[in-house]
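So the structure is just underneath, and the comments pick up after that.
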Amino acid sequence: MGVVGRPHGVRGLVRVHSYTADPADLPAYGPFDDGAGRGFSLRWRGDGVAEIAEIVDGRPVAVADRTAAEKLVNLRLYAARDRLPAAGEDEYYLADLVGLQAVDAGGAPLGQVAAVHDYGAGASLEIASLVVPFTRACVPAVDIAAGRVTVCLPEEILVPGSAP
C-alpha cells in the first residue's frame, strides 16, 4: 500500500509513497504490517509527509526522532486483504494473479504464475521461465475463481522444449 521514504526533519516524520488511488486515503487502510510481523499506523502531517508509529502490545509507539525514522527507510507497508475495496471489472490485484495456472489458447498448460513484475512500463507475468506482458493481447482472459489465466504468446517468444 505504501513505502516509507527518507526522514523529514528531526522529529521522526517520514516521507511516504502511497500506492492508493488517492494518496490521502492511505491511513484508512491501516493498521499496516511490514511482512515480518511488525504492525504500523500512520497519520499524514503534510503533503507526502507522515507521522509513523509501530504498534507494540496493541498500542502505537510513535517514531520520535530522525535516527529511528532513518531505520524505516524502504519499509513496505502492507494492508490486510479484507480492508481493500473489491476490484472492478477487468481490474485485478496483482497479488491475486500469483499462483494461477497459465494455459495457452488451446488449454495446454504453460506453468504457474510465479510473480508479477511492474517496473513502471506495465506489468509482466513470470510463468516458469517466461516473462509475458500483462496486456489484453498476451493475456486475454483472467479467471481468478477458476485459478487460471489464458496466455497467447507473441510469435517472438519461444517456449522451452518447443520447435522454433
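Every number here is computed from the coordinates shown, using simple stated rules; none is lab data. Since this is a predicted model, take the numbers as computed values, not measurements. Note that each Cβ is placed from the backbone with ideal geometry, even for glycine, and that neighbours are counted across all protein chains shown.
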Discussion item. Of A69, P85, A105, which is farthest towards the positive pole of the stretch 62-111's charge dipole, taken about the Cα centre with +1 and -1 on the beta-carbons of Lys, Arg and Asp, Glu respectively?
Written reply: A69
Fill in: DSSP loop trypsin sites (Lys or Arg not before Pro) with at most 12 other Cβ within 10 Å: longest gap in the chain
72-135
Worksheet item: What do you get for Rg/Rh over the stretch 94-150 if you use C-alpha atoms and the Kirkwood form of Rh?
Response: 0.92
Item to complete: Please quote Rg/Rh for the stretch 2-82 to two decimal places, taking the Kirkwood radius as Rh and restricting both calculations to Cα atoms.
Response: 0.93
Item to complete: Report the extension gain between L84 and R45 in nm, rounded to one decimal, defined as 0.36 nm multiplied by the number of residues separating them, less their alpha carbon distance.
Response: 11.7 nm
Discussion item. Could you tell me the calculated FRET efficiency between E156 and V3, based on Cβ-Cβ distance and R0 = 25 angstrom, to the nearest 0.05?
Written reply: 0.15
Discussion item. I want the local charge near V56. Using Cβ-Cβ distances under 14 Å, sum +1 for each Lys or Arg and -1 for each Asp or Glu among the other residues.
Written reply: -2
Worksheet item: How much length, in nm to one decimal, is gained on full extension between T135 and Q112, taken as 0.36 nm per residue of separation minus their Cα-Cα distance?
Response: 6.6 nm
Item to complete: Quickly estimate the mean residue ellipticity at 222 nm for the chain, helices only: each DSSP H run with n ≥ 4 gives -39500 (n - 2.57), and the total goes over all residues, rounded to 500.
Response: -1000 deg cm²/dmol
Practice prompt. Report the Stokes-Einstein translational diffusion coefficient (µm² s⁻¹, integer) for the chain, Rh taken as the Kirkwood radius over Cα pairs, at 25 °C with viscosity 0.890 mPa s.
Written response: 135 µm²/s
Worksheet item: Quick one: length gained pulling D104 to E70 fully straight, 0.36 nm per residue minus the C-alpha distance?
Response: 7.5 nm
Item to complete: Would you kindly state the longest site-free stretch of the chain, with sites defined as GluC sites (Glu not before Pro) in a DSSP loop (not H, G, I, E, B) surrounded by at most 16 other Cβ atoms within 10 Å?
Response: 1-88
